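S.K.: Got a structure here, written out as structure tokens. Questions coming.
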Amino acid sequence: KMFLFLPWNLLLAFIPYYITKKLMARPAWIENKWKLAAASLLWLLFIPNSFYIITDLFHLGKYDEAPRWFDLTLIFSFAWNGLVFGIVSVKQMESIVLLSYPAPRYSWLFIYFIMWLNALGIFIVRFLRFNSWDIVTNPFPLLNEILVMVLHPVEYRYVWGMIFFFAVLMTIMYVTVRRI
């Protein structure tokens, strides 16, 4: 009962992987700009979930029913699988982007931009308590929160610091695993 959110979060982490897997299996979708744009937008809405799952480690020590090492193992196993889904999915999307923009510098721009958006998404979900689907079902409060952060960056410097460092962390994780 305590960690029932873990399978749900892993399912959400699987969605962007599923999208890129389907894109890679159907080159005609990649060539069709409308289908690619729709799939890419959907992917962009869900890719932060793959990396968000690492923040489930915040729940460590929250419950006393099992030893802490058990909770750590359980949470980390879900987080690792979510990260693998995310890293493979980003790699697949990077390959798709490189079809249109083959210069290596575009790859790095793409990766850091995606990781920055992931970090922003993690902040929005973990701390502002919005979900991926709120962009459709509840867009105005979500956009208002983001606009306030953008208009008052000094006031939200800790938020922007968290976003920056999470983007760097995820970029390092991505590059490290990709090189293996």
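The values are calculated or read from the model by the stated rules, or taken from the named source; none is laboratory data. These numbers were taken from a predicted model, which means no experiment stands behind them. Cβ coordinates were reconstructed from backbone atoms using ideal geometry, including for glycine residues, and neighbour counts include every protein chain displayed. Accessible surface is based on the protein model in full, side chains and every heavy atom, while ligands, DNA and RNA are left aside. Shrake-Rupley method; radii C 1.70, N 1.55, O 1.52, S 1.80 Å.
S.K.: Does region 157-179 contain any residue that is open to solvent by less than 70 Å² (accessible area, probe 1.4 Å), at pLDDT 95 or above and outside any helix (DSSP H, G or I)?
M.R.: no
S.K.: Which one is most open to solvent (accessible area, probe 1.4 Å) among residues in region 66-76 that are over 25 Å from Ile124 (Cβ atoms) and touching a helix residue (DSSP H, G or I) at 6+ places or on another chain (Cβ under 9 Å)?
M.R.: The first filter runs over region 66-76 and keeps only residues over 25 Å from Ile124 (Cβ atoms), leaving 66-74.
Narrowing further to those that are touching a helix residue (DSSP H, G or I) at 6+ places or on another chain (Cβ under 9 Å): 66, 71-72, 74.
Numbers: Ala66: 29, Asp71: 4, Leu72: 79, Leu74: 47 Å².
So, considering only residues that are over 25 Å from Ile124 (Cβ atoms) and touching a helix residue (DSSP H, G or I) at 6+ places or on another chain (Cβ under 9 Å), the one most open to solvent (accessible area, probe 1.4 Å) is Leu72.
S.K.: Sticking with this one: Considering only region 19-56, how many residues are more than 12 Å from the chain's Cα centre (by Cα) and either loosely packed, with under 14 Cβ neighbours inside 10 Å or among the β-branched types (Val, Ile, Thr) (or both)?
M.R.: Total satisfying the criteria: 15.
S.K.: Any residue that is aromatic (Phe, Trp, Tyr), farther than 15 Å from Val84 by Cα and modelled with pLDDT of 95 or more - is there at least one of those in region 32-43?
M.R.: Yes, some residue in region 32-43 is aromatic (Phe, Trp, Tyr), farther than 15 Å from Val84 by Cα and modelled with pLDDT of 95 or more.
S.K.: Please determine whether any residue of region 81-102 is of a type in the set (D, E, K, R), modelled with pLDDT of 95 or more, over 14 Å from the mean Cα position of the chain (by Cα) and not in a helix (DSSP H, G or I).
M.R.: No, region 81-102 contains no residue that is of a type in the set (D, E, K, R), modelled with pLDDT of 95 or more, over 14 Å from the mean Cα position of the chain (by Cα) and not in a helix (DSSP H, G or I).
S.K.: Among the residues that make up region 132-152, is at least one of them among the hydroxyl-bearing types (Ser, Thr, Tyr), surrounded by 10 or more Cβ atoms within 10 Å (Cβ to Cβ) and modelled with pLDDT of 95 or more?
M.R.: no
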